[in-house]
Amino acid sequence: MKEYTYQEAINLLKEGNKRYSENNMIHPSQKLTRMLEVVCGQNPFAVILTCSDSRVVPEFIFDRGVGDLFVIRNAGNIVDEHVLGSIEYAVEHLHTPIVLVLGHTDCGAVTAAHKGLFSEGHLNSVLKEIEPVIDRNTKGEFGMDNSIRNNVIFCVDKIKNSDPILSKFVKDDKVRVIGAIYDLNDGEVNFID
């Protein structure tokens, strides 16, 4: 199986998102023949941690198909032990060269944390993870945008510094962890430097 470089992986993501946002998708790797090709093993070129929001579908957003992406989804794209374990598997055993934390505009989990809408249920555990990065100093839409961005950056840092496996892979330049925000309004992914 092919081992991808970071540059190849990021190029595939950017090219796919360009096709998607321009409504020129080619739908690669989405036929039964592709399913049969990967039945004995997977070789994804990117790990994507993103929100469970039904409008955020990485395979569509990046115009990819079966076996291309190792996708992890939860409300608010938070990083917990289960997420870290899943990322470790992809990086260590599947040799995936890139981990992308993909936030999105109008994120319900970040909005709830931003507004302090805590409840009695399990959603509180998600909101508590997001709470430390909320921007309450900036008013209006910019404050919410900052909170979404801060959440992505916080998650990227948490993954990069996860001992003992991921931090070593980052240090040895075997994986890069980056962030981006998907804009629900135009379909574009804006990568965070």
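The values are calculated or read from the model by the stated rules, or taken from the named source; none is laboratory data. Keep in mind that this is a model prediction, so the values were computed, not measured. We place every Cβ from the backbone using ideal geometry, glycine too, and count neighbours over all the protein chains shown.
Brief remarks follow.
- Looking only at residues in the range 132-161 that are among the polar types (S, T, N, Q) and within 17 Å of the chain's Cα centre (by Cα), the one that is nearest to residue 103 (Cα to Cα) is 151.
- Residues (assigned to a loop (DSSP other than H, G, I, E, B), free of Cβ contacts under 8 Å to residues at least 60 places away in the same chain and within 20 Å of residue 92 (Cβ to Cβ)) located in the range 134-193: 161, 163, 164, 172, 173
- With respect to the conditions (1) touching a residue at least 12 places away in the same chain (Cβ under 8 Å); (2) surrounded by fewer than 17 Cβ atoms within 10 Å (Cβ to Cβ); (3) outside any loop (DSSP other than H, G, I, E, B), residue 43 falls short on a single one, namely (3).
- Looking across the range 54-100, the residues that are within 22 Å of residue 32 (Cα to Cα), of a type outside the set (Asp, Glu) and not in a loop (DSSP other than H, G, I, E, B) come down to 58, 60, 61, 69, 70, 71.
- Picking from residues in the range 101-131 that are without any contact (Cβ under 8 Å) to a residue 40 or more places away in the chain and in a loop (DSSP other than H, G, I, E, B), the one that is farthest from the chain's Cα centre (by Cα) is 120.
- Leading residue by the ranking (nearest to residue 2 (Cα to Cα)) among those in the range 44-91 that are in contact with a Phe, Trp or Tyr (Cβ under 9 Å, 6 or more places away or on another chain) and of a type in the set (S, T, N, Q): 86
- Comparison of 8, 37 shows that the only residue that is of a type in the set (Asp, Glu), closer than 20 Å to residue 193 by Cα and either surrounded by 15 or more Cβ atoms within 10 Å (Cβ to Cβ) or in contact (Cβ under 8 Å) with a residue 24 or more places away in the chain (or both) is 8.
For every residue, the table says whether it meets (1) of a type in the set (D, E, K, R); (2) part of a helix (DSSP H, G or I); (3) over 15 Å from the mean Cα position of the chain (by Cα).
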site: 2; (1), (2), (3): yes, no, yes
site: 7; (1), (2), (3): no, yes, yes
site: 11; (1), (2), (3): no, yes, yes
site: 15; (1), (2), (3): yes, yes, yes
site: 19; (1), (2), (3): yes, yes, yes
site: 25; (1), (2), (3): no, no, yes
site: 29; (1), (2), (3): no, no, yes
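- Conditions (1) of a type in the set (Val, Ile, Thr); (2) modelled with pLDDT under 95; (3) surrounded by 21 or more Cβ atoms within 10 Å (Cβ to Cβ); number of the one not met by residue 66: (3)
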